[in-house]
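Every number here is computed from the coordinates shown, using simple stated rules; none is lab data. Keep in mind that this is a model prediction, so the values were computed, not measured. Note that we place each Cβ from the backbone using ideal geometry, even for glycine, and neighbour counts take in every protein chain shown.
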Amino acid sequence: MGLFKRLLGKKSKNEENAPQKEHSKYFPKQDLPTDEKFTRKFSENGGKFLYCLNWDEVSEAFDNILLENDWYEKEVCCMDPALIKKFDGYNLTFNQSDKACFVLSQCESLVASNGAILLCSKQIKEKKLSELPANIVIFATTSQLVETISEGLQLIKSRSNKSIPSNITTIQDFESENEKDFMSYGSSTKNLYLLLMEDL
């Protein structure tokens, strides 16, 4: 995918010395790859993005988040037993309290068009975003990247055997200074970290 290389912005000497191509205003705009579009939009929204190649890097990044925020030996709101098992061993107390220091969760999809995180009742039960703690750590993989919300909704529908999960929502507001539009009315600002692991 080359995501890591693009994120770091490293260019070869040939790329740096190459003249910039100018396109006519009538030339169709080149669309960014889905992964690059997501990372740009997510960062513009104020999200904190940590790209990891493997599970060891995920563990190290999670450890750094705990250190940075002094979250060791604190309560964590986590509703996923598999995730609790993966992130056990950090002296954290896992529960479903909205008074916890942060939420640890997976997600359904990462939406490139607006840099949002798509969640449903599998991750947050029937809680509203405003009822969750202000700090959220999301664990996701690169295979969860989709172009639009409708693609993400189609994936939710295709994964559902009998009934479509309820409480489908997106988080896309990660900075309080951001101007809100009518689509974000009623949502609350979250301090969000994304642990994104390469799996493609």
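Brief remarks on what is shown
- Mean Cα-pair separation over length for the range 50-200, i.e. relative contact order, pairs under 8 Å, 6 or more apart, %: 28
- Once backbone amide H atoms are built at 1.01 Å from N, residue 145 has 110 as its partners under 5 Å, excluding neighbours fewer than 5 places away on the same chain.
- As a rough guide to protection, the peptides 129-141, 62-74 ranked by mean Cβ packing within 10 Å, highest first, stand as 129-141, 62-74.
- You can think of it this way: the chain between residue 163 and residue 56 has 35.0 nm of extra reach, that is 0.36 nm per residue less the Cα-Cα gap.
- The string of couplings for the range 166-173 from the Karplus curve (6.51, -1.76, 1.60, θ = phi - 60°) is 8, 6, 7, 8, 10, 10, 9, 10 Hz, one whole number per residue in order, with x for Gly and Pro.
- Amide H within-cut-off set for residue 106, under 5 Å, with H built and near neighbours excluded: 139
- Report note on the peptides 165-174, 50-59: ranked by the mean count of other C-beta atoms within 10 Å, highest first, their order is 165-174, 50-59.
- Highest average first, the peptides 110-123, 142-155 ordered by how many other beta carbon atoms sit within 10 Å of their residues are 110-123, 142-155.
- Rg/Rh for the range 33-197 (Cα atoms only, Rh after Kirkwood) is 0.93.
- Karplus-based coupling profile of the range 37-54, in residue order and whole Hz: 4, 4, 4, 5, 5, 4, 5, 4, 6, x, x, 9, 10, 10, 8, 10, 7, 8, with θ = phi - 60° in 6.51 cos²θ - 1.76 cosθ + 1.60 and x standing for Gly or Pro.
- Theoretical gain in end-to-end length, residue 125 to residue 72 [0.36 nm per residue, Cα-Cα removed]: 16.6 nm
- Remark on residue 94: its backbone amide H falls under 5 Å from those of 76, a criterion applied only to residues 5 or more positions apart or on other chains, H modelled at 1.01 Å from N.
- Phi to ³J(HN,Hα) by Karplus 6.51 cos²θ - 1.76 cosθ + 1.60 over the range 140-155, Hz, x for Gly, Pro: 9, 10, 5, 5, 8, 6, 10, 6, 10, 4, 5, 5, x, 5, 5, 5
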